[in-house]
1. If you go through the stretch 276-295 one residue at a time, do you hit one that is touching a residue at least 40 places away in the same chain (Cβ under 8 Å) and exposed (fewer than 13 other Cβ atoms within 10 Å of the Cβ)?
2. Within the stretch 187-208, does at least one residue satisfy the condition of being in contact with a Pro (Cβ under 8 Å, 6 or more places away or on another chain), surrounded by fewer than 21 Cβ atoms within 10 Å (Cβ to Cβ) and charged (D, E, K, R)?
3. Are there any pairs with C-beta distances below 7 angstrom linking a residue in the stretch 7-21 that is surrounded by fewer than 11 Cβ atoms within 10 Å (Cβ to Cβ) to a residue that is of a type in the set (S, T, N, Q), with the two at least 6 apart or on different chains, and if so which?
4. Pairs, please: C-beta under 7 Å, at least 6 apart or cross-chain, first residue farther than 15 Å from Leu236 by Cα and of a type outside the set (Val, Ile, Thr) and in the stretch 32-61, second at pLDDT 95 or above and within 11 Å of the ligand (Cβ to nearest atom)?
5. Among the residues of the stretch 209-260, count how many are small (Gly, Ala, Ser), in a strand (DSSP E or B) and touching a residue at least 60 places away in the same chain (Cβ under 8 Å).
6. Among the numbered criteria (1) assigned to a helix (DSSP H, G or I); (2) farther than 22 Å from Ile185 by Cα; (3) not charged (D, E, K, R), which single criterion is violated by Leu140?
7. Is there a residue in the stretch 229-251 that is of a type outside the set (Val, Ile, Thr), surrounded by fewer than 16 Cβ atoms within 10 Å (Cβ to Cβ), more than 16 Å from the ligand (Cβ to nearest atom) and closer than 30 Å to Ala303 by Cα?
Amino acid sequence: MAQILVQGLAKTYRVAERDPGVLGAVRGLVRRRWRTVEALKDVSFALERGELLGFIGPNGAGKSTTIKILSGILRPDSGRVEIDGLVPHLDRISHVARIGVVFGQRTQLWWDLPVIDGFDLLRDIYRVDPRRYRTTRDELVGMLRLERLLDQPVRQLSLGQRMRAELAAALLHEPSILFLDEPTIGLDAPSKLAVREFIKTLNRERGVTVLLTTHDMHDIEALAERVIVIGHGRVLADSPFEALRATVLTERRLFVDFAQDAPDLALPGVEIRGRSGRSMELAFDPRMTNAPALIAAITAGHAVDDIHVEQPAIEEVIARFYDLHGAGEA
Ligand SMILES: Nc1ncnc2c1ncn2[C@@H]1O[C@H](COP(=O)(O)OP(=O)(O)OP(=O)(O)O)[C@@H](O)[C@H]1O
């Protein structure tokens, strides 16, 4: 049975509207005008225990709203959510004991307290058995290389250090599910790699179910076997990333460095995209020809120094997908 079940989720926000300027603000105090924003219209999916799901979509698509509902912070207007048999917003206390949540843009630690004191407070809040807590904490501190940061107040940490501390904080009570809302936002390359490695270990070795939202497609490429794309409050795709790539962009590219100036080539199903000196970029449709056949045809007639095939970059695939579904920013 699915560990996370979401069916027909809908959520509308009511936003106060006001006219511009001071007069508008004053008028707004007297008579409020409201506008509704349909953040989620109809979102359904199921997640098995131990899965790692990339939950992506353009700005304003409804990703954070979904995570807030799944964490029990928000109540949906309609639809059904069940996680390990509990309804998050109704069974909040039992539910939060089983999940960990990290919002990349917010901290769950205490700004002025040393990291270790924040961890101890979370131990008390979650009522973790002291002996069990020490083991888990020390393990997380080791995995996330936090040893030298424990005595520093959170406000003194760099963003990358803080994110490592946030991940530990979210896991001190050993949840079996982790919700990550943009955990790599603003991090430099080494910190991103460290966070990705940690998430991977947690999921693959410990079996923690992970739902990850991110705008960094390298996170998706490195971590997610399955991807859900949402746009305008609906699920637009739910498939392995490779399947998404195949439906959106079939094109492959072949880069050739010839031993002499790049020749004229006329091959069926192949388009020359660029040529400069001895280099040439070719695009081909893998349904019409394939890379080995193409390479054989080229090398049969010309001396070649180097040759390689490229898939379209993941950013390109996603941008094209948003385009096809008219799912630009809401
Ligand atoms: N508290 C709120 N009050 C009013 N409107 C909100 C609130 N939170 C979100 N919204 C609106 O709901 C829609 C969905 O927002 P949400 O934050 O879920 O999107 P998102 O996919 O997480 O976007 P991003 O990638 O930019 O973080 C947006 O139109 C947003 O403006």
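1. Within the stretch 276-295, the first condition is being touching a residue at least 40 places away in the same chain (Cβ under 8 Å), and the residues that meet it are 294-295.
Okay, now just the ones that are also exposed (fewer than 13 other Cβ atoms within 10 Å of the Cβ), so none.
There is no residue in the stretch 276-295 that is touching a residue at least 40 places away in the same chain (Cβ under 8 Å) and exposed (fewer than 13 other Cβ atoms within 10 Å of the Cβ).
2. Checked the stretch 187-208: no residue is in contact with a Pro (Cβ under 8 Å, 6 or more places away or on another chain), surrounded by fewer than 21 Cβ atoms within 10 Å (Cβ to Cβ) and charged (D, E, K, R).
3. Matching pairs, first to second residue: Arg14/Thr36.
4. Between residues of the stretch 32-61 that are farther than 15 Å from Leu236 by Cα and of a type outside the set (Val, Ile, Thr) and residues that are at pLDDT 95 or above and within 11 Å of the ligand (Cβ to nearest atom), the close pairs are Glu38/Thr12.
5. The qualifying residues number 2.
6. Condition not satisfied by Leu140: (2).
7. yes
Matching residues to (1) exposed (fewer than 14 other Cβ atoms within 10 Å of the Cβ); (2) near the ligand (Cβ under 9 Å from one of its atoms):
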site	(1), (2)
Gly28	no, no
Arg33	yes, no
Gly60	no, yes
Ser71	no, no
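The values are calculated or read from the model by the stated rules, or taken from the named source; none is laboratory data. Note that this is a predicted model, so its numbers are computed, not measured. Because the Cβ atoms are built from the backbone with ideal geometry, glycine has one as well, and the counts that use them run over all protein chains shown.
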